[in-house]
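Okay, structure first, notes after.
The values are calculated or read from the model by the stated rules, or taken from the named source; none is laboratory data. Please read these numbers as outputs of a predicted model, since none were measured by experiment. Cβ coordinates were reconstructed from backbone atoms using ideal geometry, including for glycine residues, and neighbour counts include every protein chain displayed.
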Amino acid sequence: MARRRMIYEGKAKVLFEGPEPGTLVQYFKDDATAFNNKKKGTITGKGVLNNRISEYLMNRLNEIGVPTHFIRRLNMREQLVREVEIIPIEVVIRNVAAGSIATRFGIAEGTPLPRSIVEYYYKNDELNDPMVSEEHITAFGWATIQEIDEIIALSLRINDYLSGLFLGIGIKLVDFKLEFGRLWHESGDMQIVLADEISPDNCRLWDAKTNEKLDKDRFRRDMGNVEGAYQEVARRLGILPEA
Ligand code: C5P
């Protein structure tokens with residue numbers, strides 16, 4: 001088979017041209033980075049697990065009517081997705097204080113937040129993904145106010161749904177990061193859809209009883225057993241790939 005054209009290589013994924021116009025193939029690598037590339041490593045089997053976990057969560061979200069770029073999983077490490085115009089904003093939704101919000105405001109990690117908080121970061125590695133406000137987003141033309149309203153509404157729906165889904169398998173959804181894109185329909189209509197992936201790489205997932213970390217913080221903080229934690233999430237979701 002002819003080598004497919006690579007469109008983009010990110011830290012944990014590669015995007016290739018898809019089989020039909022308007023599609024892309026998203027390939028999941030085992031590479032892991034943290035602190036904006038300052039820490040690098042490999043988590044054996046991570047790509048396979050994240051491909052499966054993200055497939056499962058995107059399918060559940062599609063079922064409840066959340067539009068996503070996901071079409072179908074192709075194999076162990078690849079999935080077919082719709083080509084979208086990525087909005088250069090990382091949307092972080094937080095339910096419990098951890099990571100940067102705990103540091104920024106001096107809140108003890110694990111403290112429940114008074115309500116879910118949505119934050120925006122400008123996707124730019126050279127600038128270390130600075131936190132931005134709606135004012136910055138609209139003034140610099142990264143998204144319109146209508147698009148931001150749609151993104152907030154979708155993010156809160158996703159948070160409600162995923163918080164319940166994870167709680168059902170004994171996991172607390174502490175916080176997570178989403179990316180959105182513009183999907184252009186042939187009619188000329190534009191739709192905001194969920195893009196990228198949802199996996200333990202971009203969520204904080206804690207065991208509901210013990211608060212044991214089942215996510216990338218195990219890699220960031222050198223806690224060991226990173227693959228085991230990702231496997232545990234897949235196992236509880238009922239999708240652990242057969243050995
Ligand atoms: O580091 P911080 O506390 O701001 O991260 C909040 C959430 O967003 C975490 O779940 C983290 O995994 C995710 N995140 C991400 N990609 C980034 C920054 C944060 O997936 N570039």
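Key figures for this structure:
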{"read-out": "Filter result for Leu178 (among the aliphatic types (A, V, I, L, M), more than 23 Å from Thr23 (Cβ to Cβ) and touching a strand residue (DSSP E or B) at 6+ places or on another chain (Cβ under 7 Å))", "value": "no"}
{"read-out": "Exclusive hit being within 16 Å of the ligand (Cβ to nearest atom), at pLDDT 95 or above, touching a strand residue (DSSP E or B) at 6+ places or on another chain (Cβ under 7 Å) and closer than 26 Å to Met131 by Cα, set Val84, Val92, Val66, Val14", "value": "Val92"}
{"read-out": "Unique residue being under 17 Å from Ser199 (Cα atoms), modelled with pLDDT of 95 or more and surrounded by fewer than 19 Cβ atoms within 10 Å (Cβ to Cβ) when the list is Ile169, Ile107, Ile117, Ile158", "value": "Ile169"}
{"read-out": "Residues that are over 22 Å from Asp222 (Cα atoms), in a strand (DSSP E or B) and without any contact (Cβ under 8 Å) to a residue 60 or more places away in the chain, drawn from the stretch 24-69", "value": "Leu24, Val25, Tyr27"}
{"read-out": "Any hit, the stretch 127-141, residues being in a strand (DSSP E or B) and either in contact with an Asp or Glu (Cβ under 7 Å, 6 or more places away or on another chain) or more than 23 Å from Ala234 (Cα to Cα) (or both)", "value": "yes"}
{"read-out": "Asn36, sole failed condition from (1) touching a strand residue (DSSP E or B) at 6+ places or on another chain (Cβ under 8 Å); (2) not assigned by TED's automatic domain parsing to the domain that holds Leu154", "value": "(1)"}
